[in-house]
Amino acid sequence: MQKNEIIANEKIDEKKVAVAEKIISQLQKELPNYITKGSGPFLAAIYDEKGNLIAKEANSVIDETCSHNHAEMNAIKAAEKALNTYDLSAHNLSLYVTSEPCMMCLGGIMWSGIKAVYYGVPSKRVEQITGFDEGFKPNWFAEFSKRGIVAYGNIAVELGEKVLQDYVANGNTVYQPNRE
Ligand SMILES: [Zn+2]
């Protein structure tokens with residue numbers, strides 16, 4: 001198995017992979033600008049099936065002082081506001097995110113009605129590079145599959161790892177609750 005082989009909970013669709021590579025690479029390129037303005041090192045975007053951007057939000061845990069303001073949660077919140085609904089399922093939306101969703105965001109995605117998730121850097125690598133805690137996770141690819149949510153991972157990983165490495169190297173905050 002290759003180091004950054006793309007994984008999915010369905011038969012890999014090269015067209016979806018190509019779209020996801022384009023979008024996630026772009027998010028990784030934009031992410032440093034958000035970090036400079038005080039955001040955390042994660043960026044998520046939600047698109048409809050026609051390729052229209054519905055929402056794009058970065059992690060704002062520190063700058064908005066809220067522990068659940070992860071990029072995915074912020075993007076879902078913005079999409080629901082934009083479409084004026086708490087159930088996105090009728091809109092057939094896909095969420096693209098620079099790193100694998102944490103345990104909270106997996107729950108948030110499930111309750112939102114998002115139909116597909118594509119992520120960049122896998123959680124294990126995020127934890128190794130940054131020290132962020134991604135939580136304990138079940139086999140979420142299988143769980144999402146049962147709920148009709150498509151999942152693809154390990155997209156544009158090298159680009160994403162570089163952003164995270166720079167985030168740490170530049171002395172940015174790696175926050176987590178005190179567990180002592
Ligand atoms: Zn999260």
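The values are calculated or read from the model by the stated rules, or taken from the named source; none is laboratory data. Small disclaimer: the values here were computed from a predicted structure and weren't measured. Cβ atoms come from the backbone with ideal geometry, glycine included; neighbour counts cover every protein chain shown.
What to note about this one:
- Residue within the range 107-129 that is at pLDDT 95 or above, buried (at least 16 other Cβ atoms within 10 Å of the Cβ), outside any helix (DSSP H, G or I) and in contact with a Lys or Arg (Cβ under 9 Å, 6 or more places away or on another chain) present: yes
- Residue in the range 154-165 that is within 29 Å of Y47 (Cβ to Cβ) and small (G, A, S) present: yes
- Pairs where the first residue, in the range 165-178, is in a loop (DSSP other than H, G, I, E, B) and the second is of a type in the set (S, T, Y), C-beta under 6 Å, 6+ apart: V174/T130
- Odd one out for I62, checked against (1) under 14 Å from the mean Cα position of the chain (by Cα); (2) at pLDDT below 95: (1)
- For the range 70-98, taking the residues that are part of a loop (DSSP other than H, G, I, E, B) and buried (at least 16 other Cβ atoms within 10 Å of the Cβ), the one that is nearest to the ligand (Cβ to nearest atom) is identified as H70.
- Among the residues examined, A55 does not qualify as within 15 Å of the ligand (Cβ to nearest atom), at negative phi, touching a residue at least 24 places away in the same chain (Cβ under 8 Å) and buried (at least 17 other Cβ atoms within 10 Å of the Cβ).
- Summed over the range 140-154, the residues that are outside any helix (DSSP H, G or I) and either closer than 25 Å to Y175 by Cα or modelled with pLDDT under 95 (or both) give a count of 2.
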